[in-house]
Each structure stands twice: as structure tokens, then as C-alpha cells.
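Notes follow the structure.
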């Protein structure tokens, strides 16, 4: 975006526009407060001792700052009968997410490549059919999927979970890559084909190196969905191989007369940290990737 | 000209693209359409706890429509769906336009608006449930600030509880819509805008007449994504209100869940699932069609 | 523990399922007892099994009073990978037994003489076609009222014996600035109130005819309308923020003296005990007015699934451990319920527990021990769900009692 020597339609920083710019800042600031409020509430609650939570209000600063809830959530809180905190489940989720994201992104990339550079009859129809998979509610597929996984002997393993997430992630990743490669200059590809380059060579040498932004989009989207999934995670894992979301649910939904809200909030924030990091640091790539035509009509 | 490879290899080479695509096609056929077909078949049977192939025509569909909870669910779907999509689009667009004004803190602000999408529904629901609780959250806070008459107890009110689900949902998804619009705004060809501004058009006019229409494809994509999120949003309702008060925040997705998994009414749950899918298809299929047609046109 | 976790990680990283680890003897149990008190009580069983040489694989799925757990179970059953044992209520056990998915515990049951010590209304759910399929852990009673003694003493109120007395007492309490009834507005809690209301309006025989046998005339009778009228009056006794409140927060209101009464099963007693309160000193326990002598029960059972021969021995050991007199005593002391076995001494139980144990024997004798509708021991899930819909809507929206009765009849018809 060139800074330009002309008057961009975006509001110039002139004097006459000061009120307008102040207005813009005010509006943005207001929204920022609203968006941040739940996170602030969660953080503040997780740093207070229990007595203050019941006594005070939700955005009161802690009078006694304590990180005990965090330590408890990580190491000590009871998930059912096992009182080792949530750290084990955290690693389960990381493993599952890593493989799920990588495999589905890879497959999506290859699909996008084929669908845009190798036209054949019915390729758009095929794409449309694959795309519909984005919209299927998971409760519908739970039981049939369980039956199939059972027959494959994968019903309570990380492999099974990864398989499920890959299956339902392919539609999205294919969408992202296909739209991205659709606007990728064909001349480069055609030239390479003329030179006798083979199928995989074109992919790895020409398309992939320029795919940075869209790989970021795909990974961010997939990571978020896989990390935050509860339904599949609960149904296809047992005991200590359960992912983070299942453990979090067990922690937060316990009912004792005195709910340890501070530990619950700490656990919730820990559970959300990886995706938060991904969005905060990857946000720029996200927008860039979207710009490059990934979700344009 | 390099020598041609031998026939079997040549066949492989020629068909490699299709071969590479075939696992995806197979997976989609089985795990998407196969399952949809299975669910549809079940919706015409008498299945209760386990699948049972006694066909009973449209009885289950009749039972679903006669069920008082379904009526609430459909009503809520429209209220929630329209508000969710509408507000996300409006707020997302507004934020995108504001952020596009060369703000120095754009990176930070963008992260602030985008992060809610990173949170799982359980976390979102728990946090908002707390904030909307009259005794612990916003109402109590405003009371402590001195406004003793302030009331914000929508979440325990049968008629208003669904709007709480809207609030939490919009909070979560509007940042993503903003990112989409921001990308779109940045991708607009400056020459067109330059020409209009040289012609003396005012800023609001430029936005309304030129920029907004150019964002049409993004509106479409956003609507599709939001519609899909709205129809699937079952975790959010569960975490925020548990379907309550009573069943005032019932949505088709929770209806389907309750009947299939808890009430051992497999066929009835399947019927409601099929209807959910048809609603989804009614929105998605036209979009897909336009998507496919637009790809015949040269990329802009 | 740590080594098991590392081993599991390594195994999982190579895609090996959890079951491959079970070279040692183990039993896998799915349950939703994740709260402090409940989990502590279950630890006893775990320790017992470990002493007998069996590792305990814990697969808790909290939420919804077992709703999430049942969903997960469905998926696992479809995958052919059921757990060894699962905590289940009443009709769920029968549903799974009907599908032929449960194992056979008759060998252990006969050897230990379960038929003699488990009350017949309860055993009805533990057995299918004459075979034992589940081990009952406890008996909960749902027609209890828990009251804050200080408020009652201050206002000179005695535990009401009739519903009208209760309404009068509630008025007095409200005028004094307390909340008469602490209630959590979730469908199952509304249904728990309904249990007692129906029992009070028509007695155990009426309850049996209407709620268990689903006799249409009884369901649509004026007696049922009376029950809904009671519900309407109860609605007037709760505070405005009741909707969606968890049951333990309501109990806390009574413990802290903000509210005077709570109508809840005896798991509420566990909360009082944990808070250091004592029966008849800090809190009172009495039956819902008009239900003295009747016993609406709810029982937690561990249903054993049909598994491989290798796992079967473990199941039988677990089943036997659950029915062990010592375990039943320890567990129920912690949980607030009473043992499923009628031959456990009541010496260690506090006043309310003692009353429950005495009452259950009396109720069995007089045939007024009936399964709780609200907790899945009266009718199958599909019908119960439809009925709860009507009850909770009536409670929340104030449906006129006569109208609600008609809706109830229609709902049962539609769900059958």
C-alpha cells in the first residue's frame, strides 16, 4: 500500500479532521474495552483469593494478588479422581493438534493445487461437493464415526482423534488453498510445465514457497478448531489420554458448595493460551492471507 | 524435448492429479455424504435407542414439528441467526473501516478484536455466564457504582435469554468478520478510489457508492461462515444457559442433541438433524453455485 | 502415576491405543463424580481395588448430571469400545441391558446373597431378565427439605406437616427478610420439586399409577392439577435470581442463612456436613409436607458392560467391592446417601441418615418406596424428558395448573 502523494480517501491527519479522528479513536477504544472485558474479568478472578471473589465485584483489582490458582490449575486440580492438574491433558492436545493441523493443511494444499492448475471436467462440482463438508454439524457424524473408528480399532487413541479432525478439516483447508492458488499467476506454472517440470516439482518449487500467508491462515484456523473441540475429544479418548477441553470441562463443571472460581478461571485461561498466542502473533499473517484472496467470493 | 516416459509411468503422470485428489474425494463421500445419507435413512425409521430399520414414513418429522421445544428452537434460530449475522456484519465492517484509517495502534487493536475467536465455546460461555449473572456480574458492578436500580438480568428471563446468547456470539465472531473486511478494504484497487476522489466525491459517498459494493464477495463469504457458525452453535448455548431458563434458549442443534443422545429418540433426532442440514443447504448451495460460476471468470 | 503418563504419551505418539497399556490388571470406569466430596468418596473404591491388585483407570466426564457422560458412552458403545463399568441411573441401565450390552454379575450376586439385602424396588433396576447387570452403590431420597435451624428457631416455625402450613411458614419467612425457598432453576431441579408435589398431592399409590405406570386417567386427574398448584405456590417462594442456579449454590444459601429451606435430595446433606454443620443443631431435615412415610428413591449404580474375558474378572471384583459392607458404609457417609444394602449398621450415620435408613425399611414394608421421576427411576428417558419439559415450562412461565395437566397428558402420549 503506497503512502502515495495524493490525498488518500482515508482521513488525512489534517487539522480539520481532528474531531473526526478523535471520534474514531473513541469508538475504537469503546469497542476495545468491551472486547477485553471478559478476558480481564477472567484474569482478575484468577489472581484473587476465593474470599475476595465472593465479597467484591468482578472488575475489582485484587487486594491480595496470588498466583496460587494458576499453580493449582496446572499441577494440582482434580480431574475426576486424578489430581495432577491439567498439564498432562495440555500435552495430549498439543500432540493431537500438531498432527491434525499439519496433515490437514498438507492435504488441503495439494488439493488446492490440483483443483486450480489441472482442470478437468467436473472439477468445480467436485470442489463444491468437498466444500459442503465445512457445514456439517458434528453431532450428526458422531455415532457413525464412532462405529467406523471402532471397526478400525482406533476408537480411543490419539490416531483416531487425529483422523477425525483431519477428515473434517480438509474441507476448510481445501477452500483456503484453492482460492489462494486460483489467483496465483498461471504463467509461471505453464512455463514450468513447458520446461518439462513434473507434478510434484511444480508444487514444491513454485507454488509452495509463495504460500506463506495461506499456510498461516490454514494453520491458524485448523489449530483453533482442533484445539477447542470438545465433542470428538470426549467421545474418542479415555481417561488420561483426553485432550485439554475434556479436562477443562471436568474441572469447571464440578459442583462443590464452594466453587473454586479462581482455579476454574486460571484453568480456562491456560486452556486458551495456545490459541490466544496463535491469534495474537499470527494475526498479521491472518489478515495478509485473507487479503491474498483466500476467502474472497 | 525430453524423452517421453514409458506407458505405465505416463498413465500415472497423466492421472496423478486425479489420483492425488481421490483420498479427499473418498473421505468426503464416506464421512460427509455417507453419514448424511445414513442420518436421512434413520429419520424415516422407528429407531429409539439403536438403529432399527422399521420404516414409518414422515412420522418422525411430524413428531418434531409437533414438539413444543422445536417451535421455540425454530423461533430462536431466526432471532439468533438474523441478529448474529446482522450484528457481526455491521460491527465487523464498522471496525474494519475504522481500523483502515491509518491508525498507529492498528496491530494491537486488531489483536484485541480478533482474540475472542481463539477461545473455545466453553471458555466463552463460562466467562459470559459469569458476567451476565445478576448477582455476580455486570448488574452487581453497576449497583456498586451507585446505580441501585440498574437491571440487567436478561439471562434469567425467558424472553430475553436468547439475546444473551447473541451478545456472547457476536463478541466472539465479529473480530473475524472484521479481519475479512479489513483484508478486503486493503485489497481495493487504489486507482479507482483515486479517480473518484479527484472527481470531488466526498468521503462517505466514496465508501457508500464505490468501496462497499466492491466488498460484496466478502459480504457473501462472511454470511456463509456466520450462518454455518450460527447453525452449529450448540456448545455456546450449553455453556451459557444450558438451554434455559426452562428451554427458552433451545436451538435446533440442542434439540437434536438432547433427543439423539439423552432421550433415546434416535429417529426423531435424525429428523431434526436433516432439517438442520436442509436449512444449511438452503444458504450454502446458492453460495457454492455462485462461487463456482465466479471461478469461470478471470480472477480480479 | 507419572510413569504411566509418560508411557501413555509415548504410546499415543506412536498411535497405539490406550488399551495396549493394559498388560497389568485394570478396570476402566466412566463416571461424573468430579466434585470434591464425590471424588473423595470414590477414592475409597479406587484404593480398595488397588489393594486387590487392580489399577483404576479413571475416565470422568462431568456436566449435566451425567448428560455428557451418556453422550460419550453412546459413541464408545457404537465404536465397540465400552468401558468396564459406568455410573448409571435407573432406566439407562435397562436400556443398555435390553440391547444386550451389559455383562452378567449373577455369579457374584448369588455367592454374596445380594437378593436378600437389596430392596426389591431398587433391584428392579439392577437386574434384567433375572440376571444381575449392575452393582448399586447407594439409595438417595428426593423428598427431603433441608432447613436452616437458626431461621426456624428465630421465627418460631416448626417443620410444616401440611402444604398449607408450609405456605404460611414461607410468608412469615419472607416478611422477616429471608428467602423462603432456595431453588436452582434447572429442569432437573424443577422436576425434583415435582416429585414431592405429586407425592404430597396424591400419596404413593397415586404417584405409582401416574408417574410410573403412566395411567392416563391419573395423569389427567384433579389430583395432578393439585400437584401443579403446589408447584405454582412453590414458585412464589423462590427469589428472583433462581434461574440457572446450580443446586449447590442454593444449598450454600441455606447454609449461610440467606434462605430458609431447600427441597433437594440428600446429596445436599453432604454439602452441609462438609461445611461443618450438624443435623438438628445447625440444620433440620424433614420430609416434604404430606410425604412422610413415602420414599422417592434414586440410586447410583455401576453397570458392567460386556467385555473381553480378560476384563471380566476385574469387573466381578469391582462389583463385589462396590457391594462390600465396609465400602457402602464409608462411601455413603461421605456422599450423604444411605447404603443400598439394608444390612449395614446405621451407627456411624448422623440423624438424617439414620432417619432415612429407618424410613426405607418402613416404606418397603408398606409398599411406598417408589422410584424418583426426576432422577430416571420412574419412566424411560424419552417419556421422562417430555414430562420434564412440561413441568419446567410450567414452573418458569406460570402455566395455569389445569392447562399444565392437559399438556402433561399430551406430552406422555406423544412420547410413547
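So the values come out like this:
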{"read-out": "The lone exception for residue C:400 - which of (1) more than 14 Å from every other protein chain (Cβ to nearest Cβ); (2) under 20 Å from residue C:223 (Cβ atoms); (3) surrounded by 22 or more Cβ atoms within 10 Å (Cβ to Cβ); (4) more than 18 Å from the chain's Cα centre (by Cα) it fails", "value": "(3)"}
{"read-out": "Options C:269, C:217, C:209, C:281; residue that is in contact (Cβ under 8 Å) with a residue 24 or more places away in the chain and part of a helix (DSSP H, G or I)", "value": "C:269"}
{"read-out": "Selection within region C:33-47 - modelled with pLDDT of 85 or more and either under 20 Å from residue C:307 (Cβ atoms) or part of a loop (DSSP other than H, G, I, E, B) (or both)", "value": "C:45, C:46"}
{"read-out": "Qualifying position, being away from chain C (no Cβ under 11 Å) and either surrounded by 24 or more Cβ atoms within 10 Å (Cβ to Cβ) or over 19 Å from residue C:184 (Cβ atoms) (or both), among B:236, B:240, B:266", "value": "B:236"}
{"read-out": "Answer from B:29, B:77, B:42 - the residue that is modelled with pLDDT of 85 or more, in a helix (DSSP H, G or I) and under 30 Å from residue A:198 (Cα atoms)", "value": "B:29"}
{"read-out": "Conditions (1) touching a helix residue (DSSP H, G or I) at 6+ places or on another chain (Cβ under 7 Å); (2) modelled with pLDDT of 85 or more; (3) away from chain C (no Cβ under 14 Å); number of the one not met by residue A:95", "value": "(3)"}
{"read-out": "Conditions (1) assigned to a helix (DSSP H, G or I); (2) within 22 Å of residue B:181 (Cβ to Cβ): number failed by residue B:122", "value": "(2)"}
{"read-out": "Which listed residue is within 14 Å of chain A (Cβ to nearest Cβ), surrounded by 19 or more Cβ atoms within 10 Å (Cβ to Cβ) and closer than 29 Å to residue C:408 by Cβ, from B:119, B:132, B:77", "value": "B:77"}
{"read-out": "Exclusive hit being closer than 30 Å to residue B:47 by Cβ and either touching a residue at least 12 places away in the same chain (Cβ under 8 Å) or facing another protein chain (nearest Cβ under 7 Å) (or both), set A:175, A:207, A:161, A:152", "value": "A:161"}
{"read-out": "Residue A:53 being facing chain B (nearest Cβ under 10 Å), buried (at least 17 other Cβ atoms within 10 Å of the Cβ) and at pLDDT below 80", "value": "yes"}
{"read-out": "Only listed residue being assigned to a loop (DSSP other than H, G, I, E, B) and over 30 Å from residue C:242 (Cα atoms), chosen from B:103, B:97", "value": "B:103"}
{"read-out": "Residues (in a helix (DSSP H, G or I) and within 20 Å of the chain's Cα centre (by Cα)) located in region B:235-258", "value": "B:235, B:236, B:237, B:238, B:239, B:240, B:252, B:253, B:254, B:255, B:256, B:257"}
{"read-out": "Selected residue [farther than 30 Å from residue C:244 by Cβ, at pLDDT 85 or above and either at the interface with another protein chain (Cβ under 7 Å from one of its Cβ atoms) or in contact with a helix residue (DSSP H, G or I) (Cβ under 7 Å, 6 or more places away or on another chain) (or both)] from B:223, B:274", "value": "B:274"}
{"read-out": "Candidate set from region B:137-154 (those that are within 10 Å of another protein chain (Cβ to nearest Cβ) and within 30 Å of the chain's Cα centre (by Cα)); member that is nearest to residue A:33 (Cα to Cα)", "value": "B:138"}
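The values are calculated or read from the model by the stated rules, or taken from the named source; none is laboratory data. Please read these numbers as outputs of a predicted model, since none were measured by experiment. FYI the Cβ positions are ideal-geometry reconstructions off the backbone, even for glycines, and counts take in every protein chain you see.
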